[in-house]
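All remarks here apply to the structure that follows.
No lab work stands behind these numbers, since they all come straight from the coordinates. Please read these numbers as outputs of a predicted model, since none were measured by experiment. When we count neighbours, we look across all protein chains shown, and the Cβ atoms used for this are built from the backbone with ideal geometry, even at glycine.
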Amino acid sequence: MSAIIPFNRPCLLGNEQAYILQAIANGHAAGDGAFTKKCHAFLEATLGVPRALLTTSCTHALEMAALLLDLRPGDEVIFPSFTFVSTVNAFVLRGVRPIFADVRPDTLNLDERQLERLITPRTRAIVPVHYGGVGCEMDVIMDIAARYDLAVVEDNAHGLFGRYRGRYLGTFGALATQSFHETKNFTCGEGGALLINDPQYIERAEIIREKGTNRSRFFRGQVDKYTWVDIGSSYLPSDILAAFLYAQLEIHERIQGIRRRIWETYAAELRDWAEANGVRMPYVPDHCEQAYHMFYLLMPSLEVRQAFIAHLKAQGILAVFHYLPLHLSDMGRKFGGQAGDCPVTERISDQLVRLPFFNDLTEAMQARVIEAVRTFQVI
């Protein structure tokens, strides 16, 4: 058998190793060193956000968002049920009651048409997730949030450099989060970022990120000593990780070009096969510029999906499914989730399968995947 093609693997495409050695030579391997500052500056300048702060994970960026919104036990926040557990867990840690919304059948994003019926006097925020790096309908979501005085926190783990109506994802809500996990377009193994679009949150975000101290003000010379002033935790990643990440961010256009080629090749080469077998491919609205984060297929049923995954595995190709409905999880049921609450989520969770997609997936490897897919027939 040929070498196994993984679903994902980390890749070196630029100066990752050189910058890691430089970070060590700088004598500052802890958080907020030279490469962390380079990443902050890059994100702020490229996206046009007032402040970007690297974190140890997207999960921690979400936890910071929940702290910044001063959420309290009993407050309600609306989430899509079709998302990773971190999206919700970060808020549940503050005592929040999650309210689960279904997703749209086309983009698999939060169904904005359901939002108003889910809002109660206890609702404090909406957390849209840009699934696959395709933008949610942010015009409608932001309008509803404004009318009900709700905060919006974008979970943009999939969508760095994607756009909605020409505007970067992650720049709509008061706060947004990014992921640099090894499965993402740009990675440092484990990492994330909090994007702050509402300047009122900047100073407190720096304090929360620095263990509840005003240490950042001390290093800027704004105070002569720093002390404990608020709640917080240690959310700073090592500058060694930031060095790895910056090497990828500085060649982001090249990386996005590679991923676009992979995505478009899958789409072009599998279109006829998908149509003949009743398989759906990703949908990207005309007003969205996707981030080319993943390529998925929606099979006719759970049984077909499992047979499809087994078919590829037998040929040394690893394809995987994605999220299970959070409202039907053990924790989700404790918050009142029941079968039938989110029918689209329940259906597509059984159908979705993701094909191998990583930055050094070669044309030959992708051709092997495509040929294996084409030899599968839905009966």
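Tell me the mean residue ellipticity at 222 nm calculated for the chain from its helices only (DSSP H runs of n ≥ 4, each -39500 (n - 2.57), averaged over every residue, nearest 500).
Numbers: 14 runs with 144 residues, N = 379.
Value at 222 nm, helices only, nearest 500: -11500 deg cm²/dmol.
GNM, the chain, Cα, under 10 Å: largest mean-square fluctuation among 269, 16, 210?
Top of the fluctuation ranking is 269.
Work out how much length residue 374 to residue 148 would gain on full extension: take 0.36 nm times their residue separation and subtract the Cα-Cα distance, in nm to one decimal. Don't jump to the answer; show the numbers that get you there.
On the way: separation 226, 0.36 × 226 = 81.36 nm, distance 4.89 nm.
Fully extending the segment from residue 374 to residue 148 adds 76.5 nm.
Enter the per residue convex hull volume of segment 43-116, computed from alpha-carbon coordinates, in Å³ rounded to the nearest integer.
On the way: hull volume 9.2 nm³, N = 74.
In segment 43-116, the Cα hull volume divided by residue count equals 125 Å³.
Taking Cα pairs under 8 Å and at least six residues apart, what relative contact order does segment 16-249 come out at, in percent?
Values: 510 pairs, mean separation 61.3, N = 234.
Across segment 16-249, relative contact order equals 26 percent.
For residue 120, put the label point 7 Å out on the Cα→Cβ axis and report which residues of segment 327-350 keep their amide N under 12 Å from it.
Under cut-off, by backbone N: 335-337.
Could you tell me the center-to-center distance, by alpha carbons, between segment 330-371 and segment 127-177 in angstrom?
For segment 330-371 versus segment 127-177, the Cα centre distance is 21 Å.
If you rank 301, 179, 2 by fewest surrounding Cβ atoms within 10 Å, what's the result?
Working: 301 13, 179 29, 2 10.
Least crowded to most crowded, the residues run 2, 301, 179.
Could you tell me the calculated FRET efficiency between residue 72 and residue 17, based on Cβ-Cβ distance and R0 = 30 angstrom, to the nearest 0.05? Please report the intermediate quantities before stating the final value.
Values: r = 46 Å, r/R0 = 1.53.
Once rounded, the FRET efficiency stands at 0.05.
Exposure proxy check: 100, 42, 35 ranked by fewest other beta carbons within 10 Å? Please list the in-between numbers first.
On the way: 100 24, 42 16, 35 28.
Ordered from fewest to most neighbouring Cβ atoms within 10 Å, 100, 42, 35 come out as 42, 100, 35.
How do 225, 211 line up, fewest other C-beta atoms within 10 Å first? Spell out each step's value before the answer.
Details: 225 7, 211 15.
Ascending number of Cβ neighbours within 10 Å: 225, 211.
Lys/Arg Cβ at +1, Asp/Glu Cβ at -1, dipole of the chain taken about the Cα centre: which of 20, 110, 159 is farthest positive-ward?
Farthest along the dipole direction, towards plus: 20.
Between segment 210-231 and segment 258-318, how far is it from one alpha carbon centroid to the other, in angstrom?
Each part's Cα centre sits 49 Å from the other's.
Over all directions, what mean area does the Cα convex hull of the chain project, stated in square nanometres? Write out the running numbers ahead of the final one.
Details: hull surface 77.7 nm².
The number I arrive at for the chain is 19.4 nm².
From the convex hull of the Cα coordinates of segment 262-347, what is the mean projected area in square nanometres? Walk me through the intermediate numbers first.
Details: hull surface 31.0 nm².
The Cα convex hull of segment 262-347, projected and averaged over all directions, gives 7.7 nm².
Would you mind computing the Rg to Rh ratio of segment 179-231 from its alpha-carbon coordinates, Kirkwood style for Rh?
Values: Rg = 14.1 Å, Rh = 12.7 Å.
Answer for segment 179-231: 1.11.
Quick one: dipole size for the chain, taken about the Cα centre, charges +1 on Lys/Arg Cβ and -1 on Asp/Glu Cβ, in debye to the nearest 20. Walk me through the numbers on the way to the answer.
Numbers: 38 positive and 43 negative charges, 92 e Å.
Taking the Cα centre of the chain as origin, the dipole is about 440 debye.
Once you have the Cα-Cα distance between residue 267 and residue 313, take 0.36 nm times their residue separation minus that, and quote the gain in nm to one decimal.
On the way: separation 46, 0.36 × 46 = 16.56 nm, distance 2.10 nm.
That works out to 14.5 nm of additional length.
Could you work out the local net charge near residue 80, counting Lys and Arg as +1, Asp and Glu as -1, over the other residues with Cβ closer than 10 Å to its Cβ? Could you put the intermediate results ahead of the total?
On the way: positive: 104; negative: 102, 111, 155.
Local charge sum for residue 80: -2.
Got a sec? Which residues in segment 3-25 would a label at residue 253 touch, if it sits 7 Å along Cα→Cβ and we count backbone N under 19 Å?
Those under the cut-off are 13-15.
With only alpha-carbon pairs counted, each pair once and no self-pairs, how large is the Kirkwood hydrodynamic radius of segment 57-202 in angstroms?
Working: mean 1/r = 0.0672 Å⁻¹.
Hydrodynamic radius (Kirkwood, Cα only) of segment 57-202 equals 14.9 Å.
Would you mind calculating the gained length between residue 93 and residue 222 on full extension (0.36 nm times residue separation, minus the Cα-Cα distance), in nm to one decimal? Intermediate results must be reported in sequence, preceding the final value.
Working: separation 129, 0.36 × 129 = 46.44 nm, distance 3.26 nm.
Here the answer is 43.2 nm.
Can you tell me which of 139-147, 156-164 comes out highest on packing, and rank the rest after it, using the mean Cβ neighbours within 10 Å? List each step's numbers first, then the result.
Values: 139-147: 15.3, 156-164: 25.4.
Averaged packing, sorted descending, gives the order 156-164, 139-147.
Among 58-71, 361-374, how do they line up by average Cβ neighbours within 10 Å per residue, starting with the highest?
Values: 58-71: 23.8, 361-374: 16.5.
Averaged packing, sorted descending, gives the order 58-71, 361-374.
Cβ under 10 Å from residue 325's Cβ, residue 325 left aside: what net charge do those residues give with Lys, Arg +1 and Asp, Glu -1?
Details: positive: 347; negative: 102, 341, 346, 350.
Residues close to residue 325 contribute a combined charge of -3.
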